[in-house]
Ligand code: DAK
C-alpha cells in the first residue's frame, strides 16, 4: 500500500486512514499529493471491508495549503491544459463517510480538503483559514462555496477577505467543525468516532449522506423526494431486517452492508 511519495496509508479494522506526509513543508499539497489522496480514497471506496475513511496530518499540522512553490509559475493556460481541479471534483463521488482529523494548520487548500470531508474533528489549537487573499489570489478548490454554505455569506466574506487564522473554538461555534479535543488525543478520538460509524449499516450511511448532501443542492420538494426514495431503498437491505430484528430481540445489530 505504501508506494506513495506524499501520503501514508493504513487500515484499522473497518477504517481506512490516509495520513498526509510532507512534513518539511507543513504538508503543503502539491498536485501529486492530491492525486495520491484521491486515488487512495477511490481504492477505499471500492474496498468492501472499509466503511469509513479518515484523512489526517501528523501531530504538528494538517496541511498549510497548496504548495506555493509549485503554484507560483502557473498561467491561465497551464491550468486550462492540466485541468488540476478535475481531481478535486472526484471527492464529490465518494459515498463512504469521510472524516478529517485536524491538528495545527488547515489553511487554503488544506482547509478545502477538510471541508470536502463530511465531518471534521480538530485539536483545540488547530487553525483554519483562507490566506489566498494575502497571496493576491482566492480559494479555487471549493472554499468560497463550501464555507459560504456552512456559515453564510457575511461571515464567509469576512474570513476569506481578511485571510486570517480562525481558532478551533470559533470554527466550532460557526458550525464548521464537529468536535474539539485536546491535541494529544485528536487522532484517538477521531478513530473512536470512525469506529462507531463503521458499526452502523454502511447502506444506511450511504443513503443518508446522499440525501443530506442533496439538501444543499436542490429545492425542498426534490430533496424530500430523494429522501423518500432512499428511505424505501433501505427496506431492500438485509441491514434493515437485521436492525429491526435486533431491536425486537433486544440485542446489538450486526450490519453486513447487504
Ligand atoms: N507551500 C509551500 N511551502 C510551505 C507552505 C505552502 N503552502 N506552507 C509552509 N511551507 C513551508 C515553508 O516555506 C517552510 O519551508 P522552509 O523555509 O523550512 O524550507 C516550512 O514549510 C515551514 O513553514 P514556516 O517556517 O513558514 O512555519 P511557521 O510555523 O513559521 O508558519 C504558517 C506556519 C502555516 C503560518 C506559514 O508557513 C504559512 O503562512 N504558510 C503558507 C500558508 C498559505 O498561504 N497557504 C497557501 C494558500 S493558497 C489548486 C488547489 C488548491 C489551491 C490552489 C490551486 N489547484 C488544484 C490548481 C489552494 C491554494 C492555497 O492553498
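The values are calculated or read from the model by the stated rules, or taken from the named source; none is laboratory data. These figures come from a predicted structure and were not determined experimentally. Here Cβ is always computed from backbone atoms with ideal geometry, including for glycine, and neighbour counts include all displayed protein chains.
Worth a mention:
- Enumeration of residues in region 205-238 that are in contact (Cβ under 8 Å) with a residue 60 or more places away in the chain and assigned to a helix (DSSP H, G or I): 205, 206, 209, 210
- Residue among 220, 174 that is more than 19 Å from the chain's Cα centre (by Cα) and either farther than 30 Å from residue 48 by Cα or exposed (fewer than 15 other Cβ atoms within 10 Å of the Cβ) (or both): 220
Okay, residues lined up against (1) within 16 Å of the ligand (Cβ to nearest atom); (2) not in a helix (DSSP H, G or I):
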{"position": "16", "(1), (2)": "no, yes"}
{"position": "35", "(1), (2)": "yes, no"}
{"position": "45", "(1), (2)": "no, no"}
{"position": "50", "(1), (2)": "no, yes"}
{"position": "53", "(1), (2)": "no, yes"}
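- Residue-level check: of (1) within 7 Å of the ligand (Cβ to nearest atom); (2) loosely packed, with under 13 Cβ neighbours inside 10 Å; (3) in a loop (DSSP other than H, G, I, E, B), residue 73 misses just (1).
- Flag if residue 9 is away from the ligand (no atom under 13 Å from the Cβ), modelled with pLDDT of 95 or more and crowded, with 22+ Cβ neighbours inside 10 Å: no
- For region 57-70, a residue qualifies if it is more than 10 Å from the ligand (Cβ to nearest atom) and either within 16 Å of the chain's Cα centre (by Cα) or under 16 Å from residue 37 (Cα atoms) (or both), and the qualifying residues are 57, 58, 62.
- Only listed residue being touching a strand residue (DSSP E or B) at 6+ places or on another chain (Cβ under 8 Å) and over 29 Å from residue 44 (Cβ atoms), chosen from 163, 136, 152: 163
- Checklist (1) closer than 22 Å to residue 161 by Cβ; (2) under 10 Å from the mean Cα position of the chain (by Cα) applied to residue 132, failing item: (2)
- Positions within region 81-95 being part of a loop (DSSP other than H, G, I, E, B), surrounded by fewer than 16 Cβ atoms within 10 Å (Cβ to Cβ) and either away from the ligand (no atom under 15 Å from the Cβ) or in contact (Cβ under 8 Å) with a residue 40 or more places away in the chain (or both), in sequence order: 85, 95
- Hits in region 16-66 (condition: farther than 25 Å from residue 168 by Cα and in contact (Cβ under 8 Å) with a residue 60 or more places away in the chain): 48, 51
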